Amino acid sequence: VTESIQGAEPEGTLPFVYGHVDPTSFPVDQLMAAATEALTYQSQQALNYGDEMGPAALRGYLRAKLERQEALALAPGELFITAGASAGLDTAVRLFAQPGDVVLVEAPSFHEALALIRDHPVKLAAVPLDEDGLIAGALAERLESLAQAGERPALLYTIPTFQNPSGVTMSLVRRRAVIELAAQFGLLVVEDDVYRDLYFDEAPPPSLLQLDQERQRVIRLGSFSKVLAPGLRVGWAAGPAGRIRRMAYCGLMTSGGGANPLAAYVTERFCVEGYLEPHILRLRQNYADRRDILLSALELHMPAGVRWTEPGGGFFVWLTLPQPLTAQVLLREAAKEGLTFATGEAFFAEGGGEHHLRLPFSTIERSEMVRGVELLGELIRALL
Ligand SMILES: Cc1ncc(COP(=O)(O)O)c(C=O)c1O
């Protein structure tokens, strides 16, 4: 999970490297109760090969949650259970992109997802984003130039909400434009929305899946990793029934009997018992408090010329250094003091990112976060 971050020194005493879930937040007692229930009352299903689509009650719970919270009504065949968002992305690329096709990604994008896509025989093309998310005009230009070059863009992978690594959220206008472009160019959009529930201020704009009224162009990936526990390896994918059927009944799922039945049944019990939503409220408070501490520290300690994003949710702040200072030079000095972070290059599929660094606020101790930012400020001042 961490090795592929260039330049990261995990041993640092002030580790800004990890963008993980806060491990002290895991609701262990409630998960134990859910596991006991699943094994007491559903052992015959939970311990066996399962339904390819996943446990019916978990799918029903998720569909009801989406309808209640987002007014997103999905038919039973439009959502299935995956082994996390990663598995959903891997399956979508495997099934819906042909060898040699182009997969469009954001610049920057989640580095592990870039590595996952690179496992497939496809080409990556990067489209820049700004504070309002993916730049729709740049996407249009890239699609035009790919068409002129005779390339086939099969799908767009986007993280529209509280993006990893930038923390930015795609505006409603941009979301609509992306859907229009997808329709115009016959593009499938894979919407990775794993941070959506972790908003701190206001709820994010409607998902791309919601905006795709014809329900043809978007596969949305969700996950219990960020709102419950990544070790469960339980997530979901929603979209057009035909695509969902293709994914749920692919060879891997048919041979293996669905994604992680035991973990899916435990997750189902956890949700149906009513534990999930209060837990999400606690997580929002925890991460919002951490975000506030980080932003205040940046405000206090960063020299003029340094810029950073102000995320409304999720785990990440993205810092831009003034030219000519690069994040690698800063990391070299910072590592001597035990301060480590991921530099920007790893997140760019086609180069760039030298002046950026990612500061996750989800796992680092609050006091270390403040000390880390103070030290970063001093080093940047000295290096400039
Ligand atoms: C944007 C994004 N997508 C997907 C994942 C992985 O999700 P999962 O654990 O559901 O596979 C992460 C984890 O860091 C992430 O940041």
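Filtering the range 14-39 to residues that are more than 16 Å from the ligand (Cβ to nearest atom), farther than 30 Å from residue 50 by Cβ and open to solvent by less than 80 Å² (accessible area, probe 1.4 Å) leaves only 14. For the range 70-99, the set of residues classified as within 16 Å of the ligand (Cβ to nearest atom) and aliphatic (A, V, I, L, M) consists of 79, 81, 83, 85, 87, 89, 92, 93, listed by residue number. May I ask you to verify whether residue 179 is at pLDDT 95 or above and assigned to a helix (DSSP H, G or I)? The answer is yes for residue 179.
Here residue 102 fits the description: buried (at least 18 other Cβ atoms within 10 Å of the Cβ), in contact (Cβ under 8 Å) with a residue 24 or more places away in the chain, of a type in the set (A, V, I, L, M) and away from the ligand (no atom under 16 Å from the Cβ). With respect to being part of a helix (DSSP H, G or I), within 13 Å of the ligand (Cβ to nearest atom) and either open to solvent by less than 50 Å² (accessible area, probe 1.4 Å) or more than 22 Å from residue 103 (Cα to Cα) (or both), residue 137 falls outside the description.
The residue list 334, 382 contains one member that is open to solvent by 70 Å² or more (accessible area, probe 1.4 Å), more than 27 Å from residue 198 (Cβ to Cβ) and of a type in the set (Gly, Ala, Ser), which is 382.
Against the list (1) open to solvent by less than 20 Å² (accessible area, probe 1.4 Å); (2) in a helix (DSSP H, G or I); (3) within 30 Å of residue 227 (Cα to Cα), the condition residue 286 fails is (1).
Restricting 201, 197, 192, 212 to those that are touching a strand residue (DSSP E or B) at 6+ places or on another chain (Cβ under 8 Å), more than 9 Å from the ligand (Cβ to nearest atom), in contact (Cβ under 8 Å) with a residue 40 or more places away in the chain and of a type in the set (Asp, Glu) reduces the list to 201. Could you look through the range 112-134, keep only residues that are part of a loop (DSSP other than H, G, I, E, B) and closer than 23 Å to residue 100 by Cβ, and pick out the one that is farthest from the chain's Cα centre (by Cα)? Out of the qualifying residues, it is 121. For the range 105-134, filtering for residues that are under 18 Å from residue 320 (Cβ atoms), open to solvent by less than 50 Å² (accessible area, probe 1.4 Å) and away from the ligand (no atom under 16 Å from the Cβ) leaves 1.
So that you can scan it fast, the table gives a plain yes or no per residue for (1) touching a residue at least 40 places away in the same chain (Cβ under 8 Å); (2) under 17 Å from the mean Cα position of the chain (by Cα):
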| position | (1), (2) |
| --- | --- |
| 141 | no, no |
| 146 | yes, no |
| 149 | no, no |
| 153 | yes, no |
| 163 | yes, yes |
| 169 | yes, yes |
| 177 | yes, no |
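For residue 22, which of the numbered conditions (1) among the charged types (D, E, K, R); (2) over 22 Å from the mean Cα position of the chain (by Cα); (3) at pLDDT below 95 fails to hold? Residue 22 satisfies every listed condition except (2).
The values are calculated or read from the model by the stated rules, or taken from the named source; none is laboratory data. Just so you know, these numbers come straight off a predicted model, no measurement behind them. Every residue, glycine among them, receives a Cβ derived from its backbone with ideal geometry; neighbour counts consider all protein chains shown. Heads up: the accessible areas ignore ligands, DNA and RNA and are worked out on the full protein's heavy atoms, side chains in. Shrake-Rupley method; radii C 1.70, N 1.55, O 1.52, S 1.80 Å.
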